[in-house]
Each structure stands twice: as C-alpha cells, then as structure tokens.
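Visitor: Handing you this structure, nothing more for now.
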Amino acid sequence: MEICINGLDGLTTAAQQFVAAMNGRTVFAFYGQMGAGKTTFVKAVCEVLGVRDVITSPTFAIVNEYEAGDGRPIYHFDFYRIKRLSEAYDMGCDEYFYSGRPCFIEWPELIEDLLPEETVAVNITVEPDGSRRVQLDE
C-alpha cells in the first residue's frame with residue numbers, strides 16, 4: 001500500500017489511511033532518511049488513534065508511552081542513539097513488541113535482529129517536489 005502526503009494539510013488524511021491499513025497488525029518499523037518526517041507521521045497516526053498527550057520524539061528516552069482514545073497504550077520508539085543491540089534488549093523491547101499493542105519504531109535498522117517476524121516495514125520517501133510517499137510492505 002502506498003500513501004502520498006502533499007504537505008502538512010494532507011497529513012491527517014494520510015494518517016487515517018494508515019490506521020485503516022493497520023488491520024490488527026501492531027509492530028511498524030519506520031524507515032527513512034533523517035528529516036523524512038517519520039516522527040511527524042507517527043505523531044499524526046497517534047492523534048488519529050485518539051492520543052491527547054503531547055507527542056514528541058523519544059530520541060533520548062528511547063520509548064514514549066501514550067494512551068490511545070480507547071485507553072490502551074501505544075509505544076513509540078526511537079533507536080537512533082542505540083550503540084549496541086544489547087541496549088535495546090536490556091530495556092525490554094521484546095516485551096513491548098509482543099504486547100499486542102501498537103508499536104511505532106523509528107530507526108529500526110539498528111535493532112532489526114530483535115524485530116518480530118510480522119513487523120510491517122513502513123518506508124517514508126521524500127519526493128523531489130517535497131511531498132512524502134509512505135509505503136507499507138504488505
């Protein structure tokens with residue numbers, strides 16, 4: 001599946017399309033260059049899921065937990081600062097990944113060996129015109 005985002009005005013619609021495509025899957029690995037909009041897109045998805053908290057990048061905390069509109073937790077990871085795979089394992093990331101709750105992971109290439117087999121790869125590409133293309137591997 002592919003979702004096009006033509007500016008910030010289209011972000012909520014794109015996030016709604018993404019949520020509709022989740023289909024009960026819970027672990028999503030967001031790939032894209034620095035500045036591609038991974039955090040911005042995850043924030044929009046969380047808002048569509050009913051999160052009312054302030055949604056920020058978990059760059060320093062590694063994981064942020066939010067409460068969805070239905071009261072269930074959502075986990076947002078940023079593994080950019082991970083130096084060793086053992087750091088992710090020691091923080092108990094596998095407990096989050098297998099919790100059955102939505103997990104949105106930025107910089108997953110640094111911990112790919114720990115990702116569940118059913119992880120959905122989400123590639124965000126910056127197009128020459130500045131728009132973004134979000135592609136979910138089915």
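The values are calculated or read from the model by the stated rules, or taken from the named source; none is laboratory data. Note that the structure is predicted; figures quoted are calculated from it, not measured. Only protein heavy atoms, including side chains, enter the accessible area calculation; ligands, DNA and RNA are left aside. Shrake-Rupley method; radii C 1.70, N 1.55, O 1.52, S 1.80 Å.
Visitor: Would you mind checking the tilt of helix 38-48 against the longest principal axis of the Cα atoms of the chain, expressed as 0 to 90 degrees and rounded to 10?
Guide: Rounded to the nearest ten degrees, it is 80.
Visitor: Percent of accessible area on segment 1-57 owned by carbon and sulfur, 1.4 Å probe? All intermediate terms of the calculation are to be shown ahead of the outcome.
Guide: Working: 1470 of 2940 Å².
The nonpolar share, carbon plus sulfur, comes to 50 percent.
Visitor: Oh, and also: Okay, helix-only estimate at 222 nm for the chain: each DSSP H run of n ≥ 4 adds -39500 (n - 2.57), divide by all residues, round to 500 deg cm²/dmol; what do you get?
Guide: Only helices count here, giving -6500 deg cm²/dmol.
Visitor: Rounded to the nearest whole Å², what accessible area per residue is found for segment 12-78 with the 1.4 Å probe?
Guide: With the other protein chains kept in place, segment 12-78 gives 47 Å² per residue.
Visitor: Ok, one more. Using 0.36 nm times the number of residues separating Arg84 and Thr12, minus their current alpha carbon distance, what extension gain do you get?
Guide: Full-extension gain reported as 22.4 nm.
Visitor: Now for a separate question. Roughly how many whole Å is it from the C-alpha centroid of segment 78-102 to that of segment 1-51?
Guide: 21
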